[in-house]
Amino acid sequence: MTMNSTATAAALASAPNSGKGGKPFTGRTILYWVLGFFGVIFAANAVFLYYAIGTFPGTVVDSSYKAGLAFNGEVAAAKAQADRGWQVAAHLDRSTDGAARITVTARDGAAAPLAGLVFTARLSHPTAAGLDQTIALAPLEDGRYTGVTPGPLAAGNWNMVIEAEGAEGRLFRSENRLFLKE
């Protein structure tokens, strides 16, 4: 049984343009599918942008130019610090409520305790500036200095900067990376 071309064309023209559901597959349906697809893409991108901008401010220093100008002074201070030969060790103990006690032991090149200095410790979170805390360390005997954080420290990565100042200005600076467990 063969059909001629006129019969084939008539059979195709009379067949409805439909999918499995029986509804016609029109240009409007295609438009809705395309708009829905791109709507989902734009919504996902909007969510990603919101979280990317909201969780990281994007700046490390306020002025890169001023930080660059201060670089030579930092290099000279680091050389003077190394020439002193001080031995400074820091220890952080965190309690169950999240508060932390920082103890610094400072000795000179001859292993004698260092006294008469003002030590501070600054704990900064790498991605959330609102969690940063500065602690003034009180002097104890034998070149030890201690202080307690004003608030709890969350588990995770932290940067700890320890600085000591004397009559001549800043005499010591140490930057340390910490990981605090739960």
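Each reported figure results from applying straightforward, stated rules to the coordinates on display, with no laboratory input. Keep in mind that what you see is a predicted model, and the values were worked out from it rather than measured. Methodologically, a virtual Cβ is constructed for each residue, glycine included, from the backbone with ideal geometry; neighbour enumeration extends over all protein chains shown.
Short to long, the 10 Å bins of the Cα pair-distance histogram for region 33-78 hold 21, 23, 18, 17, 12, 7, 1 percent of all pairs. How far is it, in nm, from the label point at residue 168 to the one at residue 63 when both lie 7 Å from their Cα along the line to the Cβ? Roughly 2.8 nm, to one decimal. Take the Cα of residue 132, step 7 Å toward its Cβ, do the same at residue 101, and the gap between the two points is 2.7 nm. In this structure, residue 32 and residue 155 have a Cβ-Cβ separation that, at R0 = 35 Å, corresponds to a calculated FRET efficiency of about 0.15. Rg of the Cα atoms in the chain, relative to 2.2 N^0.38 Å, amounts to 2.11. With a Förster radius of 41 Å applied to the beta-carbon distance between residue 112 and residue 181, the computed FRET efficiency rounds to 0.70. With the convex hull of its Cα atoms as the shape, region 90-147 has an orientation-averaged projected area of 4.9 nm².
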